[in-house]
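Below is one structure, written out as structure tokens; the observations come after it.
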Amino acid sequence: MFKIMLALHLLAAIFAIGPLVGASTTAARSLRTGDADGAAKSARTLRIYGIASVVVVIFGFGLMSAKAPWDKSKNVADFGDLWIWLSVLLWAVAVALVLGVLTPSLEKASGILQEGGVVDSLKGRVAASGGIVGLIFAGIVFLMVYQPGK
């Protein structure tokens, strides 16, 4: 069961978190070029993959509760482990940024650009939010690999 859950968790991370980070870190490009359609597509992509990232967490909890192959009397991890709860907290912050700041800002910018307006005030917010999301997920990968406190 461990190997199946590990494979599902990793696949979900690659196919959900990868595009989420990619879209969030490049979303500001459409605002710099004045591409209203690109901003709308980025917002849609971020919303879809932000919601889909829940699957990664679900498989992560499944993996965490699987029996450890190195010690069949123990589970792989416990929610009380620092690296687990901190990863979940960081994931929640990243998804909140994506769905609460980045996506609405891109949707607003798309509307303004379609009307021929200027979105200079939104460029920094989108770029900063996207960069922070990328850094948060890099931190989560570090926590998953290093497992501090274990």
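Among the residues of the stretch 66-84, those that are out of contact with any Phe, Trp or Tyr (no Cβ under 9 Å at 6 or more places or on another chain) and not aliphatic (A, V, I, L, M) comprise Trp70, Asp71, Lys72, Ser73, Lys74, Asn75, Asp78, Gly80, Asp81. Taking (1) in a helix (DSSP H, G or I); (2) surrounded by 15 or more Cβ atoms within 10 Å (Cβ to Cβ); (3) not charged (D, E, K, R) in turn, Gly111 satisfies each apart from (2). Of the residues making up the stretch 59-76, none is of a type in the set (S, T, N, Q) and under 20 Å from Thr25 (Cα atoms).
Looking only at the stretch 114-150, residues that are open to solvent by 30 Å² or more (accessible area, probe 1.4 Å), more than 26 Å from Phe79 (Cβ to Cβ) and polar (S, T, N, Q) come to 2 in all. Looking across the stretch 17-37, the residues that are assigned to a helix (DSSP H, G or I) and surrounded by 19 or more Cβ atoms within 10 Å (Cβ to Cβ) come down to Ile17, Leu20, Val21, Ala23, Ser24, Ala28, Ser30, Leu31, Ala36.
Let's see how each residue does on (1) in a loop (DSSP other than H, G, I, E, B); (2) farther than 27 Å from His9 by Cβ; (3) touching a residue at least 60 places away in the same chain (Cβ under 8 Å):
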site: Met64; (1), (2), (3): no, no, no
site: Ser87; (1), (2), (3): no, no, no
site: Leu90; (1), (2), (3): no, no, no
site: Ser105; (1), (2), (3): no, yes, no
site: Lys123; (1), (2), (3): no, yes, yes
site: Val133; (1), (2), (3): no, no, yes
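The values are calculated or read from the model by the stated rules, or taken from the named source; none is laboratory data. The model shown is predicted, which means the values in this text are computed figures rather than measured ones. Using ideal geometry, Cβ is built from the backbone for each residue, glycine included, and neighbour counts are taken over all protein chains shown. All accessible areas refer to the heavy atoms of the entire protein, side chains included, with ligands and DNA or RNA removed. Shrake-Rupley method; radii C 1.70, N 1.55, O 1.52, S 1.80 Å.
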